[in-house]
Amino acid sequence: MEILKEISERFSIRRYLNRDIDRSVIDRILEAGCIAPSAKNRQPWRFIVIQNQENKDQIMDAAYGEEFISQAGAIIAVCTTNVDYKMPNGQLSYPIDLTFAASYMVLQAQHEGLGSCIVTTYQEPVIREILTVPYSMKVVMLITIGYPDEDISVRNRTPVGSISSFEHW
Ligand SMILES: Cc1cc2nc3c(=O)[nH]c(=O)nc-3n(C[C@H](O)[C@H](O)[C@H](O)COP(=O)(O)O)c2cc1C
(Lines give C-alpha, C1' and ligand atoms only; values in the text may rest on other atoms or scores of the structure.)
Protein backbone atom coordinates (compact mmCIF):
# COMPACT_ATOMS: atom_id res chain seq x y z
CA MET A 1 0.00 0.00 0.00
CA GLU A 2 1.34 3.42 -0.91
CA ILE A 3 1.87 5.85 1.96
CA LEU A 4 3.28 9.36 1.58
CA LYS A 5 7.10 9.05 1.34
CA GLU A 6 7.78 11.49 4.19
CA ILE A 7 5.42 9.61 6.51
CA SER A 8 6.85 6.18 5.78
CA GLU A 9 10.48 7.32 5.97
CA ARG A 10 10.25 9.35 9.20
CA PHE A 11 11.83 7.87 12.33
CA SER A 12 12.81 9.61 15.55
CA ILE A 13 16.43 10.62 15.01
CA ARG A 14 18.63 11.04 18.08
CA ARG A 15 22.06 11.43 16.43
CA TYR A 16 22.85 14.45 14.28
CA LEU A 17 25.73 15.61 12.09
CA ASN A 18 27.47 18.82 13.10
CA ARG A 19 25.98 20.77 10.20
CA ASP A 20 24.06 24.04 10.20
CA ILE A 21 20.53 24.24 8.87
CA ASP A 22 19.89 27.06 6.37
CA ARG A 23 17.49 29.77 7.46
CA SER A 24 15.32 29.13 4.38
CA VAL A 25 14.87 25.49 5.46
CA ILE A 26 13.88 26.55 8.98
CA ASP A 27 11.44 29.05 7.50
CA ARG A 28 9.72 26.35 5.41
CA ILE A 29 9.41 24.11 8.47
CA LEU A 30 7.83 26.95 10.46
CA GLU A 31 5.52 27.73 7.55
CA ALA A 32 4.37 24.09 7.55
CA GLY A 33 3.46 24.41 11.24
CA CYS A 34 1.74 27.70 10.57
CA ILE A 35 -0.65 26.19 8.01
CA ALA A 36 -1.65 23.22 10.18
CA PRO A 37 -5.33 22.99 11.10
CA SER A 38 -6.55 24.00 14.56
CA ALA A 39 -9.89 24.06 16.36
CA LYS A 40 -11.90 27.07 15.16
CA ASN A 41 -8.71 28.14 13.38
CA ARG A 42 -7.56 29.69 16.66
CA GLN A 43 -3.88 28.79 15.96
CA PRO A 44 -3.00 28.82 19.67
CA TRP A 45 0.73 28.37 19.08
CA ARG A 46 4.09 30.05 19.07
CA PHE A 47 7.21 28.32 17.74
CA ILE A 48 10.56 29.34 19.25
CA VAL A 49 13.64 28.30 17.26
CA ILE A 50 16.81 27.71 19.26
CA GLN A 51 20.07 27.48 17.29
CA ASN A 52 22.58 29.23 19.52
CA GLN A 53 24.84 26.56 21.08
CA GLU A 54 24.79 28.04 24.58
CA ASN A 55 20.99 28.10 24.54
CA LYS A 56 20.82 24.53 23.20
CA ASP A 57 23.14 23.43 26.01
CA GLN A 58 20.85 25.07 28.57
CA ILE A 59 17.84 23.30 27.06
CA MET A 60 19.74 20.01 27.18
CA ASP A 61 20.47 20.52 30.87
CA ALA A 62 16.76 21.11 31.51
CA ALA A 63 16.07 17.90 29.57
CA TYR A 64 18.08 15.71 31.93
CA GLY A 65 21.27 15.94 29.87
CA GLU A 66 20.04 14.12 26.74
CA GLU A 67 22.98 14.87 24.45
CA PHE A 68 21.17 14.74 21.13
CA ILE A 69 19.22 17.83 22.18
CA SER A 70 22.31 20.04 22.14
CA GLN A 71 23.72 18.27 19.05
CA ALA A 72 20.64 19.06 16.95
CA GLY A 73 21.06 21.87 14.40
CA ALA A 74 17.93 23.45 15.83
CA ILE A 75 15.36 22.92 18.53
CA ILE A 76 11.83 24.16 18.02
CA ALA A 77 9.92 24.78 21.25
CA VAL A 78 6.23 24.37 20.46
CA CYS A 79 4.40 26.66 22.89
CA THR A 80 0.79 27.55 23.60
CA THR A 81 -0.78 30.99 23.44
CA ASN A 82 -4.03 29.74 24.98
CA VAL A 83 -4.44 26.99 27.54
CA ASP A 84 -8.16 27.30 28.30
CA TYR A 85 -10.16 26.76 25.16
CA LYS A 86 -12.21 23.58 25.11
CA MET A 87 -13.77 22.15 21.99
CA PRO A 88 -17.48 21.22 21.84
CA ASN A 89 -16.49 17.63 22.71
CA GLY A 90 -15.22 18.86 26.09
CA GLN A 91 -11.53 18.33 25.39
CA LEU A 92 -8.81 20.98 25.56
CA SER A 93 -7.85 22.08 22.07
CA TYR A 94 -4.22 23.11 22.59
CA PRO A 95 -2.59 19.66 22.90
CA ILE A 96 -4.35 18.59 19.71
CA ASP A 97 -3.74 21.81 17.80
CA LEU A 98 -0.06 21.86 18.71
CA THR A 99 0.32 18.21 17.79
CA PHE A 100 -1.02 18.91 14.30
CA ALA A 101 1.46 21.78 13.94
CA ALA A 102 4.31 19.59 15.19
CA SER A 103 3.31 16.78 12.81
CA TYR A 104 3.38 19.12 9.86
CA MET A 105 6.77 20.46 10.91
CA VAL A 106 8.40 17.04 11.33
CA LEU A 107 7.08 15.95 7.93
CA GLN A 108 8.40 19.12 6.29
CA ALA A 109 11.74 18.51 8.06
CA GLN A 110 11.73 14.98 6.62
CA HIS A 111 11.03 16.42 3.17
CA GLU A 112 14.07 18.72 3.60
CA GLY A 113 16.33 15.73 4.32
CA LEU A 114 16.41 16.40 8.05
CA GLY A 115 15.77 14.05 10.94
CA SER A 116 13.71 15.04 13.93
CA CYS A 117 12.59 13.89 17.36
CA ILE A 118 9.71 15.01 19.54
CA VAL A 119 10.92 15.54 23.12
CA THR A 120 8.69 15.89 26.16
CA THR A 121 11.10 14.72 28.86
CA TYR A 122 12.16 18.04 30.37
CA GLN A 123 11.57 20.35 33.28
CA GLU A 124 8.98 22.60 31.73
CA PRO A 125 9.26 25.54 34.19
CA VAL A 126 13.03 25.69 33.60
CA ILE A 127 12.65 25.76 29.81
CA ARG A 128 9.92 28.35 30.11
CA GLU A 129 12.31 30.56 32.02
CA ILE A 130 15.19 30.05 29.55
CA LEU A 131 12.92 31.00 26.66
CA THR A 132 11.12 33.80 28.56
CA VAL A 133 7.75 32.18 27.89
CA PRO A 134 4.96 34.08 29.70
CA TYR A 135 3.95 32.50 33.01
CA SER A 136 0.48 31.39 31.92
CA MET A 137 1.71 29.65 28.74
CA LYS A 138 3.25 26.21 28.30
CA VAL A 139 6.10 24.63 26.38
CA VAL A 140 4.14 21.63 25.16
CA MET A 141 6.94 19.86 23.33
CA LEU A 142 10.36 20.32 21.82
CA ILE A 143 11.26 19.19 18.33
CA THR A 144 14.93 18.54 17.65
CA ILE A 145 15.92 18.75 14.00
CA GLY A 146 19.19 18.14 12.23
CA TYR A 147 20.95 16.24 9.49
CA PRO A 148 20.76 12.58 10.56
CA ASP A 149 23.81 10.66 11.71
CA GLU A 150 21.94 7.36 12.03
CA ASP A 151 19.98 5.16 9.71
CA ILE A 152 16.86 3.56 11.21
CA SER A 153 14.66 1.26 9.19
CA VAL A 154 12.86 -0.95 11.71
CA ARG A 155 9.32 0.15 12.42
CA ASN A 156 7.96 -1.24 15.69
CA ARG A 157 4.18 -0.91 15.47
CA THR A 158 1.05 -2.82 16.37
CA PRO A 159 -0.36 -4.12 13.05
CA VAL A 160 -3.08 -1.94 11.56
CA GLY A 161 -5.59 -4.79 11.72
CA SER A 162 -5.27 -4.85 15.53
CA ILE A 163 -5.82 -1.12 16.06
CA SER A 164 -8.61 -0.43 13.61
CA SER A 165 -12.09 -1.70 12.88
CA PHE A 166 -15.08 -0.73 10.77
CA GLU A 167 -18.49 0.34 12.09
CA HIS A 168 -17.91 -0.87 15.69
CA TRP A 169 -15.09 -0.90 18.30
C1 LIG B 1 4.04 12.91 22.42
C2 LIG B 1 5.41 12.33 22.21
C3 LIG B 1 6.38 12.47 23.19
C4 LIG B 1 7.68 11.98 22.99
N5 LIG B 1 8.66 12.23 23.93
C6 LIG B 1 9.92 11.80 23.70
C7 LIG B 1 10.96 12.12 24.61
O8 LIG B 1 10.77 12.79 25.61
N9 LIG B 1 12.23 11.68 24.33
C10 LIG B 1 12.49 10.96 23.20
O11 LIG B 1 13.67 10.60 22.99
N12 LIG B 1 11.52 10.63 22.32
C13 LIG B 1 10.25 11.04 22.54
N14 LIG B 1 9.26 10.76 21.62
C15 LIG B 1 9.56 9.94 20.43
C16 LIG B 1 8.95 8.53 20.56
O17 LIG B 1 9.73 7.77 21.45
C18 LIG B 1 8.89 7.88 19.17
O19 LIG B 1 8.06 8.65 18.34
C20 LIG B 1 8.32 6.46 19.23
O21 LIG B 1 9.20 5.60 19.95
C22 LIG B 1 8.14 5.86 17.84
O23 LIG B 1 9.35 5.84 17.13
P24 LIG B 1 9.51 6.61 15.74
O25 LIG B 1 9.22 8.07 15.99
O26 LIG B 1 10.94 6.39 15.32
O27 LIG B 1 8.55 6.03 14.75
C28 LIG B 1 7.99 11.26 21.79
C29 LIG B 1 6.99 11.13 20.81
C30 LIG B 1 5.74 11.67 21.00
C31 LIG B 1 4.72 11.55 19.89
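The values are calculated or read from the model by the stated rules, or taken from the named source; none is laboratory data. Note that the structure is predicted; figures quoted are calculated from it, not measured. Cβ: placed from backbone, ideal geometry, glycine included. Neighbour counts: every protein chain shown. Protein only, heavy atoms only, side chains kept; ligands, DNA and RNA dropped before computing areas. Shrake-Rupley method; radii C 1.70, N 1.55, O 1.52, S 1.80 Å.
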Looking only at the range 113-127, how many residues end up being crowded, with 19+ Cβ neighbours inside 10 Å and either in contact with a His (Cβ under 7 Å, 6 or more places away or on another chain) or not aliphatic (A, V, I, L, M) (or both)?
4
Quick one: would you say Gln43 is over 19 Å from Glu6 (Cβ atoms) and either at pLDDT 95 or above or more than 16 Å from the ligand (Cβ to nearest atom) (or both)?
yes
Looking at the range 82-98, is at least one residue surrounded by 17 or more Cβ atoms within 10 Å (Cβ to Cβ), within 17 Å of the chain's Cα centre (by Cα) and within 26 Å of Tyr16 (Cβ to Cβ)?
yes
Since Ile7 meets every condition but one in (1) away from the ligand (no atom under 16 Å from the Cβ); (2) farther than 18 Å from Asp149 by Cα, which condition does it not meet?
(1)
For the range 138-152, give me the residue count where each residue is touching a residue at least 12 places away in the same chain (Cβ under 8 Å) and either assigned to a loop (DSSP other than H, G, I, E, B) or open to solvent by 70 Å² or more (accessible area, probe 1.4 Å) (or both).
5
Could you give me the residue pairs with C-beta distances under 9 Å whose first residue belongs to the range 44-67 and is among the basic types (Lys, Arg), whose second residue is part of a helix (DSSP H, G or I) and surrounded by 20 or more Cβ atoms within 10 Å (Cβ to Cβ) wherever it lies, and which are 6+ apart or on separate chains?
Lys56/Ile69; Lys56/Ser70
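Taking the condition closer than 20 Å to Arg28 by Cβ, open to solvent by less than 70 Å² (accessible area, probe 1.4 Å) and of a type in the set (Val, Ile, Thr), does Val106 pass?
yes
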